Amino acid sequence: MDALLMCGGRGTRLDRGEKPLFEVSGDPMVDRVLAALERSRADRVHAVTSPHVPETAAHLGGRVDRIEAAGEGYVTDLAEALGAVDEPVLTVVADLPLLSAEVVDRTLAAHVGGSLTVCVPTALKEALGVSADSTRKRDGRRLSPTGLNVVGDDERVRVSHDARLAVNVNRPADADVAEVLADGP
């Protein structure tokens, strides 16, 4: 299965330049996520950029196939990118700097058809002190999407308690938590 690395957003909440290039533990987030994807069982990685991230596009250079989207928002950019690849496809956001190949491979193994949305309990994000911008209720629990998904037909939800998936860097406080967790105990 191919992977779409979504890295074309404006990143205005972080307010630190191009969000994919924000460094966690000395490495740009986009490099950390790309490395996890390259070490995983994903077949091919396509980076989805936009006019909002020219430095990110230049940084990626020829290291990865690039799909240029209009930059009109995540959903619109994703829809554009889906037109360039076959489904199902793994999607992952560039602001998930603690992602590992192991987590990607577990997600690929859990996919049994259709779409798969990977969520963490919102309580885990709260316990870590990171923002939970989007939540949903499922089976009486509050869940937060992680930014790691498989796009296909019918949707399934997979709940993970892996803290690495709970840390999306959207705000400076999130970056502080990512830095601590990236350096290990």
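The values are calculated or read from the model by the stated rules, or taken from the named source; none is laboratory data. Quantities reported herein were computed from a predicted structural model and do not represent experimental measurements. Don't worry about glycine lacking a Cβ; one is built from the backbone with ideal geometry, like all the others, and counts go over all protein chains shown.
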For segment 59-103, how many residues meet the condition of being surrounded by fewer than 21 Cβ atoms within 10 Å (Cβ to Cβ), modelled with pLDDT of 95 or more, part of a loop (DSSP other than H, G, I, E, B) and under 15 Å from the mean Cα position of the chain (by Cα)?
1
Hey, residue 145 hits all of (1) outside any strand (DSSP E or B); (2) crowded, with 19+ Cβ neighbours inside 10 Å; (3) free of Cβ contacts under 8 Å to residues at least 60 places away in the same chain; (4) out of contact with any helix residue (DSSP H, G or I) (no Cβ under 8 Å at 6 or more places or on another chain) but one; which does it fall short on?
(1)
Filter segment 61-92 down to the residues that are out of contact with any Ser or Thr (no Cβ under 9 Å at 6 or more places or on another chain) and at positive phi and list them by number.
61, 73
Given 13, 41, which one is more than 28 Å from residue 111 (Cβ to Cβ) and basic (Lys, Arg)?
13
Matching residues, segment 104-142, being under 14 Å from the mean Cα position of the chain (by Cα) and assigned to a strand (DSSP E or B)
116, 117, 118, 119, 120
Given the condition touching a Ser or Thr at 6+ places or on another chain (Cβ under 7 Å) and without any contact (Cβ under 8 Å) to a residue 12 or more places away in the chain, answer yes or no: does some residue in segment 36-53 qualify?
no
Of those in segment 148-185 that are part of a helix (DSSP H, G or I) and among the small types (Gly, Ala, Ser), the residue farthest from residue 112 (Cα to Cα) is 173
